[in-house]
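Take a look at the structure below.
The values are calculated or read from the model by the stated rules, or taken from the named source; none is laboratory data. Keep in mind it's a predicted model, so treat the numbers as computed, not measured. Cβ placement follows ideal geometry from the backbone for every residue including glycine, while neighbour counts extend to all protein chains displayed.
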Amino acid sequence: MQRNDQTLTTSFYGTSDVSLVDFKESCERNTPVEGYPLAKGVVSNVVVYDGDDIRQHPDSARAFQDEMANVLLHGPGVFAVKRFFADTAVIDEMSQVFEDILEAERGFGAGDHFGKTGPQANGRIWNVFQKSADAAPSTFVDYYKNPLLQLVSEAWLGPHYQVTAQVNIVRPGGEAQVSHRDYHLGFQQPQETARYPLHIQQMSAMLTLQGAVAHTDMPIESGPTKLLPYSQHYPLGYMAYHDPSFQRYFEENYVQVALEKGDAVFFNPALFHAAGANKTQDFHRSANLLQVSSTFAKPMETVNLAHISQIIYPYLFDAWRHSALSDDEKSSIITAASDGYSFPSNLDTDPPIGGLAPESMSALLKRALDSGWTSDEYQVAVSQLQTKQQA
Ligand SMILES: [Fe+2]
């Protein structure tokens, strides 16, 4: 039976319903460069943008977002952004912060879901987003103020998105991951996935944007992410990715895009992908994996945004006062470092004032910075907000 989008009429499917023939039909397409006029080009079916182009054409921001959303939803499902960071000095600063955190975590972190763990295996730092804010608040501000992070995140998720981040370091000789889809249902066994109606499985991919910022150059031999363009289109893929025949097809057909330090790649979390093997003798490949969630979703990791916004407040206040941030940078760092959504709350104690929604933490943070509040004043206000929101 055909199981493409147009012919699906039932809601529940089992693991035996997956079809490699249908999957191949989904994947075997080409990316026409003329379909993406704002891109710099197409490499191995992956659309490539240039961060400098985006920064130099602020009036075209919405057009870039339209095109990127189209890539993720209807197109190959993955795009790269060259020079995602205009200045790689902040990448190096953050890499040093990662090294210090990794050292404190015995050199290899807590392990990688889709690969091996241990001293010889891939290094992994979970929740490096909050850990880096604690360890180096000014570096955190410089890194997450990047307006391109807001541009690509809002292209897929709209406003008030929630950032989580994990570091992945693949050492020389580090093995590849098994091909998979990502959070949400990429972190479930197929029998559990089958309990969700198909429309929810498909909708869940719209709740996350998966990304990776290259913290080192990533030549092909160092194993940049293996990607299967268009694989996000296969409706039953959250069950199918566990199947060995799909994993074999992935190994025979994946593509890789070499990156340079400061470049980034973003993809639909339903895209089949896997970290590649590091075949070099002495090159440690390092990426900051960004998992950006819709404000309507439960992120994978608990991030204490009240805490982060308080930790960075003195640095942010200083930058605000000295006009060191552009409007786009202000917006990007506030979105990353605070909760922009007013719900869930306790509407008895936190009633909407002057509108339909109560004041969010982001609105409070902006008000504090614009009004010149001290750190202590902001800390009291955000604590009061949290108390009001509790039931
Ligand atoms: Fe992944």
* Is one or more of the residues making up segment 103-126 closer than 16 Å to Val170 by Cα, at pLDDT below 95 and part of a helix (DSSP H, G or I)? -> yes
- For segment 316-327, state whether one or more residues are crowded, with 21+ Cβ neighbours inside 10 Å and either part of a loop (DSSP other than H, G, I, E, B) or more than 16 Å from the ligand (Cβ to nearest atom) (or both). yes
From the option list Thr225, Thr280, single residue qualifying as in the same structural domain as Pro147 (by TED's automatic domain parsing) and more than 16 Å from the ligand (Cβ to nearest atom) is Thr280
Filtering segment 292-327 for residues that are hydroxyl-bearing (Ser, Thr, Tyr) and under 25 Å from Ala155 (Cα atoms) leaves a count of 6
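Filtering segment 352-372 down to residues that are charged (D, E, K, R) and part of a helix (DSSP H, G or I), which residue is surrounded by the most Cβ atoms within 10 Å (Cβ to Cβ)?
Step one: filter segment 352-372 for residues charged (D, E, K, R), giving 359, 366-367, 370.
This time we only want the ones that are part of a helix (DSSP H, G or I), so: 366-367, 370.
Values: Lys366: 17, Arg367: 13, Asp370: 10.
Residue satisfying both the conditions and the ranking: Lys366.
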Matching residues in segment 161-185 (assigned to a loop (DSSP other than H, G, I, E, B), more than 15 Å from the ligand (Cβ to nearest atom) and touching a helix residue (DSSP H, G or I) at 6+ places or on another chain (Cβ under 7 Å)) number 1
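Out of segment 255-269, which residues are in contact with a His (Cβ under 8 Å, 6 or more places away or on another chain) and either within 16 Å of the ligand (Cβ to nearest atom) or polar (S, T, N, Q) (or both)? Before you say what the answer is, go through the steps one by one.
Step one: filter segment 255-269 for residues in contact with a His (Cβ under 8 Å, 6 or more places away or on another chain), giving 261, 267, 269.
Correct list: Phe267, Pro269.
Residues in segment 258-271 that are in contact (Cβ under 8 Å) with a residue 60 or more places away in the chain and under 13 Å from Val213 (Cα atoms): how many? Before you say what the answer is, go through the steps one by one.
Within segment 258-271, the subset in contact (Cβ under 8 Å) with a residue 60 or more places away in the chain is 259-271.
Keeping just the survivors that are under 13 Å from Val213 (Cα atoms) gives 259-267.
Qualifying residue count for the region: 9.
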